[in-house]
1. Would you be able to tell me the number of residues in region 39-58 that are surrounded by fewer than 20 Cβ atoms within 10 Å (Cβ to Cβ) and either over 15 Å from residue 121 (Cα atoms) or without any contact (Cβ under 8 Å) to a residue 12 or more places away in the chain (or both)?
2. Scan region 59-108 for residues that are at pLDDT below 95 and not in a strand (DSSP E or B) and report the count.
3. Check residue 77 against each of (1) loosely packed, with under 15 Cβ neighbours inside 10 Å; (2) touching a strand residue (DSSP E or B) at 6+ places or on another chain (Cβ under 7 Å); (3) closer than 20 Å to residue 140 by Cβ and name the one condition it does not meet.
4. Among the residues of region 19-32, how many are in contact with a strand residue (DSSP E or B) (Cβ under 6 Å, 6 or more places away or on another chain) and surrounded by fewer than 23 Cβ atoms within 10 Å (Cβ to Cβ)?
5. Among 101, 115, which is the only one that is surrounded by 12 or more Cβ atoms within 10 Å (Cβ to Cβ) and over 19 Å from residue 60 (Cα atoms)?
6. Identify the residue in region 1-44 that is modelled with pLDDT of 95 or more and more than 17 Å from the chain's Cα centre (by Cα) and, among all such residues, is nearest to residue 65 (Cα to Cα).
7. Consider region 134-172. How many of its residues are part of a strand (DSSP E or B) and under 17 Å from the mean Cα position of the chain (by Cα)?
């Protein structure tokens with residue numbers, strides 16, 4: 001594939017250098033946040049349900065799947081909240097982690113026995129001050145609350161790529177409807 005390139009420094013991008021993950025802010029009608037504790041962690045940290053995006057999977061689909069797998073809560077995509085980008089992660093890869101807002105369609109939690117030690121609907125104020133919540137997760141929730149306070153959301157629109165004609169999603173900041 002690259003035999004035609006001149007000798008010397010290669011400018012062909014390294015393949016598979018970034019992992020994509022998702023976390024979900026799921027708030028029920030009582031204003032409580034869906035949170036989980038992973039089974040195989042050294043510390044019992046509370047976190048947002050989520051995981052890795054599978055090949056060919058859209059970000060909202062991945063978030064809904066992860067929430068369903070970890071808690072058996074059925075959800076619907078509402079908006080993108082934020083994302084973070086970091087380097088030096090697993091397998092030497094960079095990592096992009098998307099936080100999405102999902103609306104719960106069901107309320108009764110059934111934790112995945114393989115992955116999840118515990119899960120619950122937690123008061124948001126408790127989550128923001130709980131000693132077993134990482135600073136990043138607190139920040140994700142604060143960004144969600146800020147977007148609600150300001151009446152903003154990052155919404156998705158299905159479009160078609162102008163060159164490849166492949167379906168794509170365009171996410172843009174918009175006022176809440």
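The values are calculated or read from the model by the stated rules, or taken from the named source; none is laboratory data. Owing to the predicted nature of the structure, the values given are computational and were not obtained by experimental measurement. Heads up, the Cβs are rebuilt from the backbone with ideal geometry, glycines too, and the neighbour counts pull from every protein chain shown.
1. Selection size over region 39-58: 13.
2. Total meeting the criteria: 7.
3. (1)
4. Count: 6.
5. On inspection, the qualifying residue turns out to be 115.
6. 28
7. Final tally of qualifying residues: 8.
Yes/no per residue for (1) touching a helix residue (DSSP H, G or I) at 6+ places or on another chain (Cβ under 7 Å); (2) in contact (Cβ under 8 Å) with a residue 40 or more places away in the chain; (3) closer than 18 Å to residue 22 by Cβ:
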site: 68; (1), (2), (3): no, no, yes
site: 89; (1), (2), (3): no, yes, yes
site: 97; (1), (2), (3): no, yes, yes
site: 106; (1), (2), (3): no, no, no
site: 115; (1), (2), (3): yes, yes, yes
site: 122; (1), (2), (3): no, yes, no
site: 126; (1), (2), (3): no, no, no
